[in-house]
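Here is the structure we will look at.
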Amino acid sequence: MTTSTATPTAASSTYRTRIHGDIARWSRTLIPTAKEPPADAEAPSHKLLVRAGYIRRVTAGVYEYLPLGWRVLRKVSQIVREEMNAAGASEMLMPALAPTELLRETGRAEDYGDLLFRFEDRHGRDSYLGPTHEEVITDLMRQVVSSYKQLPLNLYQIQTKYRDEFRPRAGLLRGREFLMKDAYSFDMTLEGLNEAYDKMYQAYTNIFTRCGLDFTVVEAEAGPIGGSASHEFMVNCETGEDTILVCPESGYAANVEKCEIGERPAPAVGFFVGEPSGALEEVHTPNCPGIDDVCAFMKVKPQNMLKTVVFKVVKQSEEEEKNFPGDWWVVAVVRGDHDVNEGKVREISECKLVLADPEEARKSGFEIGFVSPRAAVGKPQTLIIVDPDAAVGMDAAKGKPMFWVTGADKKDHHVKHFNWQRDLGKDPVSSCADKKDCFFEVGSIRNAMAGDPSPRAKGAMLEARRGIEVGHIFKLGKKYSSAMGFKVSGEDQKLHEVIMGCYGIGVSRTVASAVEMAFDDDGIVWPAAIAPYHVLITVMKPGDAKSMEVAEQLANEMSELGLDVLIDDRDERPGSKFKDADLIGIPVRVTIGEKGLAESAVEFKLRSDSGKGSFVAIAEAAGKCSDATAAAGA
RNA sequence: CGGGGUGUAGCGCAGUUUGGUAGCGCGUUUGACUGGGGGUCAAAAGGUCGCAGGUUCAAAUCCUGUCACCCCGACCA
C-alpha cells in the first residue's frame, strides 16, 4: 500500500520514508471480468464490482474480496487510519467472537434479537459474532482504567462485523459480514465528550473528502444504541436507501426520523373548529386494518383519514410505578398520509414508549386497526397528542368543513364525517382539562416530508434527497459505563461513570457507495484516492520486446513517484483490453502501441474523460500521471 | 415475518405445459487467419438438471418433502 506524494491533510506527515508504489501484471494476478453481471445483482455497485472482478458472493450477504477489491478496501482503511490517528485516536483490534454474557449486561442480547449471529460452542457457552463492540471495549476499559488521569481516550479498530440481516441486499451495501471502523471515546466530562465528538466530526469530514465522495452530514436520532446526539454521514446518491431532508437556505439537514418541521400555521379559525361535513356514518370495512386498504375500499384519499396509533408507557423505575400505577397510554393522531414519529411523541409525552401490543390494547378498549380519537378522549391514564395537520375542522383550501374518515372503534368498521367538536366535545383540549389523569394536546409528532416548512429558515421548504449512510457518530453518554459498572476515580476522590461516544464508518459500504456515485455505461470510475491502482498501462502488443521494455521502465518511474501501477500484459485483442480497462475503472490509462512508439510517445487518457486521449513523450509520461492523480486527490 | 419468484456447464438463459439420447449464447482450451474499442473459421473440453424420497419400462419434466438463493413489503447499530 502506498501513500501518494500529495496527500492533502496533515496525516501524510506521519510518513517519514519514501514509499514506492506497487507494480502488478494483469496476467499474473486474478481479475476475472465478465460481460454479464450475475442475475441476483441489482444495484449498480453490486453488478459492476462483480463484473469487474473485485468481489464474488460466497453466500447471502457475504463476499470474497479479490485482489482488486481488497486493494480498494485497504486504500479506504488507510485513509481512515491516517485521519483517526491524526485526530489522536489509537488503533487496536478486538475479537469478532465474544461471549453473549457481555451483551446481557446491557440488555442488548435481547434488543438485537435475530440480527445477532449467535451460537453455542462445544462447551455450551453462548457466543456471538460482533455487530458492534461497545460491550467488549467497555469490559476492557473497566478492567484497565481506574483513574481520571488515564482519560480522555479514543480507541478504534477496523474489524469485520456481523449482522444477520433478514434480507441482505445490494452487494456490499447491506451485507451480513462487512468491514467497519468503530471508535469509542471516553471522557470524564460532557465538555470532554463534546470535544472528542467534534474531533471525530472533523476527522470524518476529512476521510470522506479524501475518498472523493460527495456527502451530506445530517442530524440523526441516536436510535436503539442510545445516547443524546448523533450525526450521519450520507453519500449523496439517488440509488441510496435512506431519505434525508435538507433546507436549501440554512443548510440544515437531517434524516427522516430526526428532522424537525418548522412552524406550521394554525388554522385561521383555530384548531378543531369547523361544522360537521355530514352525519356520522358507520361503514363496514372488512379486512382493512391499514390506511391503504381502507382508502382503496372506501375510495377516499389518505389525506382525509385520521390515523390513530396507540403507545404504551414503559415505566422506568419503581418510583414511577408507585406514582402512576396501572397501564398508561399515549395515543398519537396524524393525518393518514403522514407517519407518526415515535421520537417526537416520546419527547412531548416525556415517557418511554412502546407500540402497544394489539391484544393488550384491545382489552383496554383500543381496537387496533380501527381506533379513532373517540376511544381515547376522556379516557383515564391516557395522553392524546394530535398533529397540527390532523387537528383541523375546516378544509381551508376548499373553504368547506373538513371531511374525515377514521376508525369506528370496533372491528372491521370505520366512520365517515368525523368531526372533532361534535364527536369529542365542544373544545377537545379543555374537555380533558378538568380530569387529572387525562390529557389532550396538539403537537408536532409526524415525520417531516419534502415541502414542509424548514425549521431553520423562514419561508424555506425542506427538500428530500437520497443517500447512503457511510458514517455515524453518537454521543453515548453513560449508557454503557453505567450498565457495566465502568467508573473511575476523579480528582474529587469520588467514583464517576465515564462518558462515552462511539463513531462508526462502514468501510466496505464506503467502497460500494463510491461506485454508486461514480460509474458510466462502460464501468467504474474510481476516485483516484481509493482506486486499486493509480495507473493502468495497456500494452497493445505484449509480445513486442520494445513495448514491454517501455512499459516496465514507465512502471518503475511511476512507482518511484509513489504510484501504484497495473500493467495489462495479456495477449488479448485491443478491444477486449480497452473494454476491461474501462470496466475496472483505473483513473489513468497509459497505452503503449506502435503509433506512439514510432514517435517515442505513449497515449495518455483519464478514465473520467470520454475523449480519445493524447500522446505524451515517454520521458514525460510518469510525471504527467503523477500530476493527474495528485490533481484528482490521491 | 407476509407476498411473489428462481435453482439446468464458469456467467446469462431455453427445455418442464404434453415424461422418451442434455441444449443455446458468452467464456474456456487447441490451431489458423487477424490485430486500436469485447474479431472470423475449424475443432474440443465442461452438467449426478439444488438435494432426498416417490410414481413410471423410462423423470430436468409428474408427486411429496427439504435446502439454497432472489425480488417487493415490514424491519434496520
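Quickly run through the range A:586-634 and pick out the residues that are at positive phi and either under 44 Å from the mean Cα position of the chain (by Cα) or away from RNA strand B (no atom under 16 Å from the Cβ) (or both).
A:613, A:633 - these are the residues of the range A:586-634 that are at positive phi and either under 44 Å from the mean Cα position of the chain (by Cα) or away from RNA strand B (no atom under 16 Å from the Cβ) (or both).
Test of understanding: among A:595, A:605, A:541, A:546, which residue is under 23 Å from residue A:520 (Cβ atoms) and among the basic types (Lys, Arg)?
Result of the check over A:595, A:605, A:541, A:546: A:605.
Kindly indicate which of A:563, A:536 is touching a Ser or Thr at 6+ places or on another chain (Cβ under 7 Å), more than 7 Å from RNA strand B (Cβ to nearest atom), at pLDDT 95 or above and open to solvent by less than 30 Å² (accessible area, probe 1.4 Å).
After applying the criteria, what remains is A:563.
Of all residues in the range A:568-614 being over 23 Å from residue A:34 (Cα atoms) and among the hydroxyl-bearing types (Ser, Thr, Tyr), which is least open to solvent (accessible area, probe 1.4 Å)?
Result: A:614.
For the condition within 7 Å of RNA strand B (Cβ to nearest atom), within 22 Å of the chain's Cα centre (by Cα) and either among the charged types (D, E, K, R) or not in a loop (DSSP other than H, G, I, E, B) (or both), what is the one hit in A:36, A:42?
Sole residue among the options that is within 7 Å of RNA strand B (Cβ to nearest atom), within 22 Å of the chain's Cα centre (by Cα) and either among the charged types (D, E, K, R) or not in a loop (DSSP other than H, G, I, E, B) (or both): A:42.
May I ask you to say which residue of A:557, A:552 is surrounded by fewer than 18 Cβ atoms within 10 Å (Cβ to Cβ), closer than 24 Å to residue A:68 by Cα and modelled with pLDDT of 95 or more?
After applying the criteria, what remains is A:552.
Can you spot a residue in the range A:78-91 that is assigned to a loop (DSSP other than H, G, I, E, B), open to solvent by 30 Å² or more (accessible area, probe 1.4 Å) and either out of contact with any Cys (no Cβ under 8 Å at 6 or more places or on another chain) or within 29 Å of residue A:130 (Cβ to Cβ) (or both)?
yes
Six or more apart or on different chains, Cβ atoms under 6 Å: show the pairs whose first residue is in the range A:579-601 and charged (D, E, K, R) and whose second is within 6 Å of RNA strand B (Cβ to nearest atom).
Filtered contacts from the range A:579-601: A:580/A:33; A:582/A:522.
Enumerate the pairs (first residue in the range A:265-282 and open to solvent by 40 Å² or more (accessible area, probe 1.4 Å); second residue anywhere and aromatic (Phe, Trp, Tyr)) with beta-carbon separation below 7 Å, excluding pairs fewer than 6 apart on the same chain, so at least 6 apart or on different chains.
Short answer, once both residue conditions are applied: A:277/A:403; A:280/A:418.
Please list, ordered by residue number, the strands (runs of 3 or more DSSP E) wholly in the range A:166-285 having 1 or more residues that are touching a Phe, Trp or Tyr at 6+ places or on another chain (Cβ under 8 Å). Write out each step before concluding.
Working: elements: A:177-187, A:215-219, A:229-236, A:242-246, A:253-255, A:281-284.
Of the strands (runs of 3 or more DSSP E) lying wholly inside the range A:166-285, those with at least 1 residues that are touching a Phe, Trp or Tyr at 6+ places or on another chain (Cβ under 8 Å) span A:177-187, A:215-219, A:229-236, A:242-246.
Which pairs have Cβ atoms under 9 Å, sit 6 or more apart or on different chains, and link a residue in the range A:176-204 that is open to solvent by less than 60 Å² (accessible area, probe 1.4 Å) to one that is among the basic types (Lys, Arg) and at pLDDT 95 or above?
Correct list of pairs: A:181/A:81; A:185/A:199.
Which of the residues that make up the range A:115-165 are out of contact with any helix residue (DSSP H, G or I) (no Cβ under 8 Å at 6 or more places or on another chain), more than 16 Å from RNA strand B (Cβ to nearest atom) and in a loop (DSSP other than H, G, I, E, B)?
Matches in the range A:115-165: A:121, A:122, A:123, A:124, A:125, A:145, A:146.
The values are calculated or read from the model by the stated rules, or taken from the named source; none is laboratory data. Fair warning: this is a prediction, and the values are worked out from it, not measured in the lab. Virtual Cβ from ideal backbone geometry, glycine too; neighbours counted across all protein chains shown. Accessible surface is based on the protein model in full, side chains and every heavy atom, while ligands, DNA and RNA are left aside. Shrake-Rupley method; radii C 1.70, N 1.55, O 1.52, S 1.80 Å.
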